[in-house]
Amino acid sequence: MKRTPPGSSPEDLGQQALFDPEDAAPATPPAPPGGAFRDSSRARRMLDVRQVYAEPAALASPRGRQILARLPDVPVTEVAGHWRIPSLHGNDGNVSRWARVKTETLVLGVKQTLTTRPNGRSADWIAPGPSNGCAMACAYCYVPRRKGYANPITLFTNIEAIVAHVRRHVHGQGPKREPNQCDPQAWVYDIGENGDCSVDALVCDNTADLVAAFRRLPTAKASFATKFVNPDLLALDPQGRTRVRFSVMPEPDSRLLDIRTSPVTDRIAAAADFLDAGYEVHFNLSPVVLRPGWQRDWADLLVHMDDVLPGRVKEQAAAEIIMLTHNQQLHEVNLGWHPRAEDLLWQPAAQETKRSENGALNVRYARQVKHDALVRLRGLIAAHAPWLRIRYAF
């Protein structure tokens, strides 16, 4: 694979950042007058669809028709399956357009296998997600590792079947019998493992449908992590049955690795708005990337959180610590569009190989390196944000 010249950045490659440094805005951007945020110019900077690939069944579904009604002039190419599209996933020329493909391409599919599997870390259960892929371009994201040379959003249009499956599973569990680190009372279902529900909501109502479903499930709670502040979600009335986990990291890391996301300061500042709108609000300290100065910058971030978050957010907040895991295949892809990120992510001297549950060969920090870093980070939390309860560290 051809490597981009050293010093190149996504902006150098013509991939405009979603938020420019001078693009100051409130933490939760207001909706445009008379309309939803998803119709705003800022939302279009995130997702400006110019090409749709779709399975025939997705095109024929009510959700598929709803999505296409909002994209009346966008060309649609029918494909046999959403997972392998030769011109998209099989085209190595897409690597240099990695973020542009995410901005301009949308895939519609039908999720064939509906399974809920146990987790026990972030959630009790991983529900079948309403999407796979994302319009953001975080350099460390695990989702594209098996998808080849492009990773735009794939939306699953059979949302009624997904919601019905989740309802059956929740009812089958009955009440939670004893508390655990996921939640003391409710069964927690992660609904966004392979996508970002906040970004999905720019395109369709899959996220709204899932939030509404959990509102009527008193023994369960939805959960999803996000790096995008979408104020349209404030109107969904979750009534405490959905947990939003804002992912945060030090600003120097975010500027390099969190391409096209909302600024970390905006994610933190939005926490109070989401809490007041009826969400439970937690944080993901994720990923923790080890490099010179990492402890100082994490301390600065924790001090900032302590300074700006109101007491009502702190009283109910909890966090997950997720150390960086990387992957050889993604490393090679990143070298083609954002090699500067790999200066931080690919550190063979400090990493060891690990085979994941799906058989992929990943790299993670060596056991002792990871242990020592977690001890130091827990110490920083105790010193600067003692209110932040750690649910788990991985």
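The residues of segment 114-129 that are open to solvent by 40 Å² or more (accessible area, probe 1.4 Å), at pLDDT 95 or above and of a type outside the set (A, V, I, L, M, F, W, C), listed by number, are Thr115, Arg117, Pro118, Asn119.
Among the residues of segment 148-166, those that are within 18 Å of Pro62 (Cβ to Cβ) and either aromatic (Phe, Trp, Tyr) or in a loop (DSSP other than H, G, I, E, B) (or both) comprise Phe156, Thr157, Asn158. Any residue in segment 151-162 that is in contact with a helix residue (DSSP H, G or I) (Cβ under 7 Å, 6 or more places away or on another chain) and either modelled with pLDDT under 95 or among the basic types (Lys, Arg) (or both)? Yes, there is a match, as at least one residue in segment 151-162 is in contact with a helix residue (DSSP H, G or I) (Cβ under 7 Å, 6 or more places away or on another chain) and either modelled with pLDDT under 95 or among the basic types (Lys, Arg) (or both). The lone criterion from (1) open to solvent by 80 Å² or more (accessible area, probe 1.4 Å); (2) in a loop (DSSP other than H, G, I, E, B); (3) at pLDDT 95 or above left unmet by Ala24 is number (3). Within segment 228-255, residues that are closer than 11 Å to Ser198 by Cα reach partners that are assigned to a helix (DSSP H, G or I) and open to solvent by 10 Å² or more (accessible area, probe 1.4 Å) with beta carbons closer than 8 Å, at six or more positions or on different chains, in the pairs Val229/Asp266; Asn230/Arg38; Pro231/Asp273; Asp232/Arg38; Leu234/Asp273.
Scanning segment 264-282 for residues that are touching an Asp or Glu at 6+ places or on another chain (Cβ under 8 Å) and in contact (Cβ under 8 Å) with a residue 60 or more places away in the chain yields Thr265, His282.
Screening the candidates Asn151, Asn94, Asn132 for the property of being open to solvent by less than 50 Å² (accessible area, probe 1.4 Å), within 23 Å of His326 (Cβ to Cβ) and either of a type in the set (Asp, Glu) or over 20 Å from the mean Cα position of the chain (by Cα) (or both) yields one hit, Asn94. Pairs are defined by a Cβ separation below 8 Å, a sequence spacing of at least 6 or placement on different chains, a first member in segment 78-97 that is in a helix (DSSP H, G or I), and a second member that is of a type in the set (Val, Ile, Thr); the pairs so defined are Asn94/Val101; Val95/Val333; Ser96/Thr4.
Against the condition in a loop (DSSP other than H, G, I, E, B), of a type in the set (A, V, I, L, M) and touching a helix residue (DSSP H, G or I) at 6+ places or on another chain (Cβ under 6 Å), how does Ala123 come out, does it pass? No.
For segment 210-236, a residue qualifies if it is open to solvent by less than 10 Å² (accessible area, probe 1.4 Å), more than 28 Å from Ser254 (Cβ to Cβ) and in a helix (DSSP H, G or I), and the qualifying residues are Ala213, Phe214. Only one entry in Pro30, Pro62, Pro86 is of a type outside the set (Val, Ile, Thr), more than 17 Å from Lys147 (Cβ to Cβ), loosely packed, with under 12 Cβ neighbours inside 10 Å and modelled with pLDDT of 90 or more, namely Pro62. Residue pairs whose Cβ atoms lie under 7 Å apart, separated by 6 or more positions or on different chains, with the first residue in segment 360-388 and touching a residue at least 12 places away in the same chain (Cβ under 8 Å) and more than 16 Å from Ala299 (Cβ to Cβ) and the second among the polar types (S, T, N, Q) and open to solvent by 60 Å² or more (accessible area, probe 1.4 Å), are Leu361/Gln328; Leu361/Thr353; Val363/Thr353.
I'd like to verify a number: residues in segment 45-70 that are touching a Lys or Arg at 6+ places or on another chain (Cβ under 9 Å) and either polar (S, T, N, Q) or free of Cβ contacts under 8 Å to residues at least 60 places away in the same chain (or both), how many? Adding up the residues that qualify gives 2.
Every residue, every condition in (1) open to solvent by 20 Å² or more (accessible area, probe 1.4 Å); (2) in a strand (DSSP E or B), yes or no:
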| residue | (1), (2) |
| --- | --- |
| Glu315 | yes, no |
| Ile321 | no, yes |
| Gln329 | yes, no |
| Glu332 | yes, no |
| Gln368 | yes, no |
| Arg376 | yes, no |
| Ile390 | yes, yes |
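Residues that are in contact with a helix residue (DSSP H, G or I) (Cβ under 7 Å, 6 or more places away or on another chain), part of a helix (DSSP H, G or I) and not aliphatic (A, V, I, L, M) within segment 98-120 comprise just one, Trp98. Entry remark, segment 246-275: residues being out of contact with any helix residue (DSSP H, G or I) (no Cβ under 8 Å at 6 or more places or on another chain) and open to solvent by 10 Å² or more (accessible area, probe 1.4 Å) number 2 in total.
Taking (1) open to solvent by less than 10 Å² (accessible area, probe 1.4 Å); (2) of a type in the set (D, E, K, R); (3) closer than 29 Å to Ser61 by Cα; (4) touching a Lys or Arg at 6+ places or on another chain (Cβ under 8 Å) in turn, Asp200 satisfies each apart from (4).
The values are calculated or read from the model by the stated rules, or taken from the named source; none is laboratory data. Quantities reported herein were computed from a predicted structural model and do not represent experimental measurements. Using ideal geometry, Cβ is built from the backbone for each residue, glycine included, and neighbour counts are taken over all protein chains shown. The protein model used for the area step is the full one, side chains on, heavy atoms only, and it has no ligands, DNA or RNA in it. Shrake-Rupley method; radii C 1.70, N 1.55, O 1.52, S 1.80 Å.
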